[in-house]
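A quick write-up on the structure given underneath.
Nothing in this text is a laboratory measurement; each read-out follows from the coordinates by a stated rule. Predicted, not measured: the structure shown is a model, and the values here were computed from it. Using ideal geometry, Cβ is built from the backbone for each residue, glycine included, and neighbour counts are taken over all protein chains shown.
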Ligand code: ADP
Ligand code: MG
């Protein structure tokens with residue numbers, strides 16, 4: 001579904017991504033782990049063109065998203081993103097947060113979006129919060145709204161950038177459960193996370209990034225129990 005060829009990204013003379021080759025299949029759940037500053041967020045942000053790659057090519061469903069004539073709006077509809085800090089619209093209710101984009105982009109009528117929002121809120125366990133404002137929600141609830149909002153666009157691919165890093169520990173489980181059920185429904189997902197237990201249980205594949213390259217890429221059991229590369233071993237010995 002996604003093919004990434006020789007992806008490079010620099011900010012000024014800071015080379016952040018130094019040649020990433022990767023392929024992600026339909027329905028695959030891929031976790032990305034690695035030290036802070038290794039380029040994990042930049043990698044995700046290149047996949048939905050929040051950052052413009054400096055070099056290389058990204059194909060989604062066979063279509064280049066990096067070509068000069070690529071349609072960025074179409075791409076953004078295909079790819080949902082969930083951030084560490086939720087990024088909800090503070091002056092909109094939970095339901096309005098979810099219905100805004102699909103209605104504005106004329107993908108749904110307001111009525112259809114409303115029905116869809118209620119179904120999504122049920123799915124993330126927040127049916128009773130439809131009319132609440134984000135400021136009245138806990139971090140875990142906000143993040144589940146953010147997931148529902150991304151799903152309202154009916155994306156083919158969901159990107160998660162440390163979705164539980166800003167949460168109090170007791171909130172983490174509810175968010176991970178929502179992600180786990182999405183994975184079981186067959187959603188294609190790329191997840192940057194520090195939740196090693198989750199990465200091990202839920203992913204089909206784990207990528208270890210360091211210094212702007214993919215150092216190791218394998219099934220979770222192999223990567224966590226028998227990492228091949230010294231850098232992976234060193235990282236895991238600190239976080240496990
Ligand atoms: P990670 O998510 O693995 O912690 P990032 O992708 O956020 O790593 O950052 C990798 C490097 O890229 C860091 O050195 C960071 O300072 C730099 N960087 C990220 N985004 C920007 C930006 N918008 N402008 C300049 N430098 C950036
Ligand atoms: Mg990051």
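Results, tabulated for the structure shown:
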quantity	calculated
Long-range Cα-Cα pairs in region 1-44 (distance over 14 Å), rounded percent	54 percent
Relative contact order (%) - criterion: Cα under 8 Å, at least six apart; region: region 81-225	23 percent
The chain, helix-only ellipticity at 222 nm - DSSP H runs n ≥ 4, -39,500 (n - 2.57), divided by all residues, nearest 500	-11500 deg cm²/dmol
Cα-derived Rg to Rh of region 60-185, Kirkwood definition	0.98
With Cα atoms, 0 to 90° folded angle of helix 230-239 axis to the chain main axis	40 degrees
Between helix 139-151 and the chain: long-axis angle, C-alpha atoms, 0 to 90°, nearest 10	90 degrees
Residue with peak Gaussian network fluctuation, the chain [Cα springs, cutoff 10 Å], from 204, 168, 114	168
Residues 198, 208, 43, sorted so that the one with the fewest Cβ neighbours within 10 Å comes first	198, 208, 43
Region 206-222-region 92-140 distance, computed between alpha-carbon centres (Å)	36 Å
Cα long-axis angle, helix 94-104 against the chain (0 to 90 degrees, to the nearest 10)	80 degrees
